[in-house]
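Sharing a structure below in structure tokens format, with a few things to ask.
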Amino acid sequence: PISGTETPGVLILHRQFVNEPAFQQRLDSLAARGWILVSEMDDDPHHWKAYIESDFYAFRAVHAVSVSTPAMAALMRQWNPHVKVFANAMPELPPAQEKPSSAGGPVRIFFGALNRKDDWASIADSVISAARALGDQIEFVVVHERAIFDSLPEGVPKTFHPTLAPADYLQQMSRCDIALLPLRDTPFNRLKSDLKLIESCASGVVPICSRIVYADDPHHEEVAVFPSTPAAWGEALTTLVTNTELRQQNQEAGQRYVASQRMMAYQVDVRAHWYRSLLSNRNSLENERQQRRISCLAATTQATSEGT
């Protein structure tokens, strides 16, 4: 927490609703003291009722917004014109973990994401059919989604983990060989970032991906597999499981890609320059912020009055 004695700088609010009066007043007091307020977001805020009911105050009542994709930037500019894109990146490469497949064990297939049951449904038949044919050549590792774990066929080795802390999540992923990253073509999914692909590649795991989001960067064609149809997911899985040389080539290419292009260290200078530019324009940014904040509060107060 900020004590009040620090030299004003940049305060980054990650996924904060900013919908409680006491929190709003605290941020206003910091802005009055010279702090720059930046909201950081990497998912469509329409997914959360608190953002909608506050008329997206979290993005209007700050000086600027940082996001992870150009699509998110286009969305945010309707609430705040000062938006900067920083692609998701890795702070460091996960420590190397022994993969059972390297010692003749099963090829491990990772599935770990929140609220992906509907995305899984579109590829489930193809993947499950391939899994039955591969049998004990493979082992599934599923994080969080118990329903997906339960849908996997009996007789195919599988391990389940409840929701994990980030470091534990990456540790489990790093012991796998292949990751399944399905995304349906929905408005919410189109605003997602490619973070899961970056985490997979950094962990030495070959991602099998939907083209939605993950194919936006042409570099990903060299490190990931993009099945052309839902039915092709099983074929892609079978190929990577049975072709050890191809799988290892993709794993190594993915790690090289992240190490050379998608590390947070490469963003330090760009981030620092942007934050300094915000600080140098603080007075004009604060005037704009006040106008947006007052207009937003007036509009939501009127809407509440009309609703009652």
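The values are calculated or read from the model by the stated rules, or taken from the named source; none is laboratory data. As the structure is a computational prediction, the values presented were derived from the model and not from experiment. Because the Cβ atoms are built from the backbone with ideal geometry, glycine has one as well, and the counts that use them run over all protein chains shown. For the accessible areas, the whole protein counts, side chains as well, though only heavy atoms, and no ligand, DNA or RNA atoms are used. Shrake-Rupley method; radii C 1.70, N 1.55, O 1.52, S 1.80 Å.
Would you check which residues across segment 150-165 are over 15 Å from ALA130 (Cβ atoms) and touching an Asp or Glu at 6+ places or on another chain (Cβ under 9 Å) and list them? Steps first, please.
Going residue by residue through segment 150-165, those that are over 15 Å from ALA130 (Cβ atoms) are 150, 154, 159-165.
If the condition is that a residue be over 15 Å from ALA130 (Cβ atoms) and touching an Asp or Glu at 6+ places or on another chain (Cβ under 9 Å), then THR159, PHE160, HIS161 are the ones that fit.
Taking the stated definitions as given, is MET264 surrounded by fewer than 15 Cβ atoms within 10 Å (Cβ to Cβ), at pLDDT 95 or above and not hydroxyl-bearing (Ser, Thr, Tyr)?
yes
Right, something else. Report yes if SER129 is modelled with pLDDT of 95 or more and farther than 18 Å from LEU164 by Cβ, otherwise no.
Yes: the conditions hold for SER129.
Against the conditions (1) touching a residue at least 24 places away in the same chain (Cβ under 8 Å); (2) surrounded by 15 or more Cβ atoms within 10 Å (Cβ to Cβ), where does ASP217 fall short? Just the number, please.
With respect to (1) touching a residue at least 24 places away in the same chain (Cβ under 8 Å); (2) surrounded by 15 or more Cβ atoms within 10 Å (Cβ to Cβ), ASP217 is out only on (1).
In segment 165-180, what residues are open to solvent by 40 Å² or more (accessible area, probe 1.4 Å), under 23 Å from ALA103 (Cβ atoms) and not in a helix (DSSP H, G or I)?
ARG175
Hey, another quick one. Could you tell me whether segment 114-123 includes any residue that is open to solvent by less than 10 Å² (accessible area, probe 1.4 Å) and in contact (Cβ under 8 Å) with a residue 24 or more places away in the chain? Quick ask: steps written out before the conclusion?
Our first condition is that a residue be open to solvent by less than 10 Å² (accessible area, probe 1.4 Å); within segment 114-123, this holds for 119, 123.
Next cut, in contact (Cβ under 8 Å) with a residue 24 or more places away in the chain only: 119, 123.
Yes, that holds for at least one residue.
Follow-up question, since we're still on this one. Here are the criteria: (1) at pLDDT below 95; (2) in a helix (DSSP H, G or I). Tell me which single one GLY155 does not satisfy.
Unmet for GLY155, out of (1) at pLDDT below 95; (2) in a helix (DSSP H, G or I): (2).
Just to verify a result, which residue in segment 124-164, among those that are on the phi > 0 side of the Ramachandran plot and small (Gly, Ala, Ser), is least open to solvent (accessible area, probe 1.4 Å)?
This residue is GLY135.
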